[in-house]
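J.: Mind looking over this structure? Questions follow.
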Amino acid sequence: MSLTIFSTADFANHFSALGLRKGDDVILHSKLTSFALVPGGASSAYNGLREVVGNTATIVVPTYCFQLSEDDVYDPQATPSQNMGVISEYVRKLPNAVRSACPIHNHSAIGDKAAELLEIEGNVSFGPKSDFSWLSSHDFKLVLLGCGFIEAGTQVFHAMANIGVPYRGWHHLPRKRQNKNGYIEKVDVRYYARNSGEFENIKIPEQILSGKNQMTTVKAPAGFSRMMKLHDYTMVCDTLLKENPNSFLMDSSHE
């Protein structure tokens, strides 16, 4: 059986089928291997998205750095992300892309709103004053391209930090960061960490969003893509956690 070949035009059709339109600002989590053969690689997916949302729309991708220790230096201009996919790395390396300052949960962006990311201090992973707080303050569409909530559930952790859950707590993680002047500075990153032995099911919002018709799902060659308003996703998480702070908690036997 021959594999499906996915071109820039195919990606444009895929994004349109998800409901994206010109001018939509997008935060994009992705798994390119869900699209079988992609001759143009990450550029095909990015260019297909640009065809749909236009040149001025802001595209944000996760470029997290879980691999860095307190002895490593986070350089926003050069440090690669870890396990965020080839599309995120492609966007990070684009000439006009900017990258936020948090040494752990940082994002790269390109478009009209991208420069605002540089105004975030970058000493908090989740919660107020984090990248996620900035994303939530704008009308972004969340696109899970060929991936699911397990691969793209960080907004859930942001909601947990905002509400406060009994099985997570604030920790201070020492990191080093190269600033825009080229100097290396020591920073104390506030990280909202889960207690040892506790496990969460971050797929819970998927069924709720689908039931409310607030999420579009489109078949990919090997998997599915999803699109929703970031505001709707955040509201579902907030509502669940306000009703029960343990809403996402599950037995360790279901890890």
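The values are calculated or read from the model by the stated rules, or taken from the named source; none is laboratory data. These numbers come from a predicted model, not from an experiment. Here Cβ is always computed from backbone atoms with ideal geometry, including for glycine, and neighbour counts include all displayed protein chains.
Table: residues versus (1) at pLDDT below 95; (2) over 23 Å from Leu28 (Cα atoms); (3) in contact with a Lys or Arg (Cβ under 8 Å, 6 or more places away or on another chain); (4) surrounded by 17 or more Cβ atoms within 10 Å (Cβ to Cβ).
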site	(1), (2), (3), (4)
Leu209	no, no, no, yes
Lys212	no, no, no, no
Lys219	no, no, no, no
Ala222	yes, no, no, no
Leu241	no, yes, no, yes
Met250	yes, yes, no, no
Ser253	yes, yes, no, no
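J.: Let me ask something else about it. Just checking: which of the strands (runs of 3 or more DSSP E) contained wholly in the range 159-255 hold 1 or more residues that are more than 29 Å from Pro103 (Cβ to Cβ) and in contact (Cβ under 8 Å) with a residue 12 or more places away in the chain?
T.: Those strands (runs of 3 or more DSSP E) span 215-220, 223-229.
J.: Which of the residues spanning the range 119-144 are in contact with a strand residue (DSSP E or B) (Cβ under 7 Å, 6 or more places away or on another chain), surrounded by fewer than 21 Cβ atoms within 10 Å (Cβ to Cβ) and closer than 20 Å to Asp188 by Cβ?
T.: Once the filter is applied, which keeps residues that are in contact with a strand residue (DSSP E or B) (Cβ under 7 Å, 6 or more places away or on another chain), surrounded by fewer than 21 Cβ atoms within 10 Å (Cβ to Cβ) and closer than 20 Å to Asp188 by Cβ, the range 119-144 yields Asn123, Gly127.
J.: Residues in the range 28-79 that are surrounded by 13 or more Cβ atoms within 10 Å (Cβ to Cβ) and within 30 Å of Tyr183 (Cα to Cα): how many?
T.: Residues meeting the conditions: 15.
J.: Under the condition of being out of contact with any Ser or Thr (no Cβ under 8 Å at 6 or more places or on another chain) and touching a residue at least 40 places away in the same chain (Cβ under 8 Å), which residue from the range 95-118 is surrounded by the most Cβ atoms within 10 Å (Cβ to Cβ)?
T.: Pro103
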